[in-house]
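The values are calculated or read from the model by the stated rules, or taken from the named source; none is laboratory data. All figures in this text were calculated on a predicted structure; none of them were measured in a lab. Don't worry about glycine lacking a Cβ; one is built from the backbone with ideal geometry, like all the others, and counts go over all protein chains shown. Only protein heavy atoms, including side chains, enter the accessible area calculation; ligands, DNA and RNA are left aside. Shrake-Rupley method; radii C 1.70, N 1.55, O 1.52, S 1.80 Å.
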Amino acid sequence: MANGGPEIEQLIQLLARLPGLGPRSARRAVLHLIKRKEQLMLPLLAALDRAVAAVRTCENCGNIDTTSPCHICADPRRGDSGILIVVEDVADLWALERAGVGQVRYHVLGGVLSPLDGVGPDDLNLPKLIARARDYSEVVLAMNATVEGQTTAHYITDHLDPSETKITRLAHGVPVGGELDYLDEGTLSQALKARTTI
Ligand code: ZN
């Protein structure tokens, strides 16, 4: 049943497509926006309009920014570390930046290899990675610890030359603040395999 005119219903349907928002949350959000038309709805409209006009995908690394090359690729200090971190998605790049990983550069694949979903090497930003990798002393594969993520990491390893670039991956194991008793067996056995000297 409609909650208002077609304009309101369409807004609810569009917002409900956002990650983390179902129809119920979308209805609440729309009602909130309508009640705060001046303070929230109009500024949101203006911000969306500006973002639509400004957003670019970086031609170099696949990051999302308002310039291409993005601010990370354009920053000469970022190249000094010689570290290139490969991520599946821009959200992962943002997460690493929030973690303050330092003066590194990134390469965003835009997904992972997934034969079941019809995603092959040509669908990802892989040729560019293979071309970029030789300009860095270390390539860190920061894929998700999923089957597809690890398959993609293996594919990349097979296509990079270890004599040109050191290839590493993120450690898999005990999360910070984690208790061993609560970890699944796969994580615990990975943590033991990846143990380090203190
Ligand atoms: Zn970039």
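Values computed for the structure shown
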| item | result |
| --- | --- |
| Largest to smallest accessible area among Arg50, Arg24 [probe 1.4 Å] | Arg24, Arg50 |
| Protein-only accessible surface order, largest first, of Met143, Met41 at 1.4 Å | Met41, Met143 |
| When the convex hull of its Cα atoms is projected in every direction, mean area for the stretch 1-154 (nm²) | 12.2 |
| Qualifying GluC sites (Glu not before Pro) for the stretch 152-198 [loop in DSSP, other Cβ within 10 Å: at most 15] | Glu164, Glu179 |
| Amide hydrogen neighbours beyond the local backbone of Arg56, cut-off 5 Å, H modeled | Asp65, Thr66, Thr67 |
| Equivalent ellipsoid semi-axes, the stretch 61-128, via Cα gyration tensor eigenvalues times 5, rooted, Å | 24, 12, 11 |
| Efficiency of FRET between Val101 and Ser68 - r from beta-carbon atoms, R0 25 angstrom, step 0.05 | 0.65 |
| In sequence order, calculated HN-Hα J values of the stretch 153-161 (Karplus, 6.51, -1.76, 1.60; Hz; x Gly/Pro) | 4, 5, 4, 5, 4, 5, 9, 10, 9 |
| Residue-wise HN-Hα coupling along the stretch 98-113, computed from phi with Karplus coefficients 6.51, -1.76, 1.60 (Hz; x: Gly, Pro) | 5, 6, x, 6, x, 7, 10, 10, 10, 9, 9, 6, x, x, 9, 5 |
| Computed accessible area, Ile34, all protein chains, 1.4 angstrom probe, square angstrom | 70 |
| In order through the stretch 53-69: 3J(HN,Hα) via Karplus (6.51 cos²θ - 1.76 cosθ + 1.60), integer Hz, x for Gly, Pro | 6, 9, 5, 10, 9, 4, 5, 8, 10, x, 5, 9, 7, 9, 9, 9, x |
| Cα-projected label distance for Met41 with Tyr155, points at 7 Å along beta-carbon direction, nm | 4.5 |
| Projected-area mean, the stretch 80-169, by convex hull of Cα positions, square nanometres | 5.5 |
| Taking the convex hull of Cα positions in the stretch 26-105, its mean projected area over all directions (nm²) | 7.0 |
| Considering only the stretch 80-169, percent of DSSP beta bridges that pair antiparallel, nearest 5 | 10 |
| Protein-only accessible surface order, largest first, of Lys166, Lys35 at 1.4 Å | Lys35, Lys166 |
| Residue-normalised accessible area of the stretch 80-169, given per residue in Å² at a 1.4 Å probe | 53 |
| Helix-only [θ]222 nm of the chain, DSSP H runs n ≥ 4, -39500 (n - 2.57) each, per residue, nearest 500 | -11500 deg cm²/dmol |
| Protein accessible area in the chain, 1.4 Å probe - carbon and sulfur % | 57 |
| Tyr106 long-range amide H proximity, modeled H, under 5 Å | Ile85 |
| The chain - share of DSSP beta bridges that are antiparallel (%, nearest 5) | 20 |
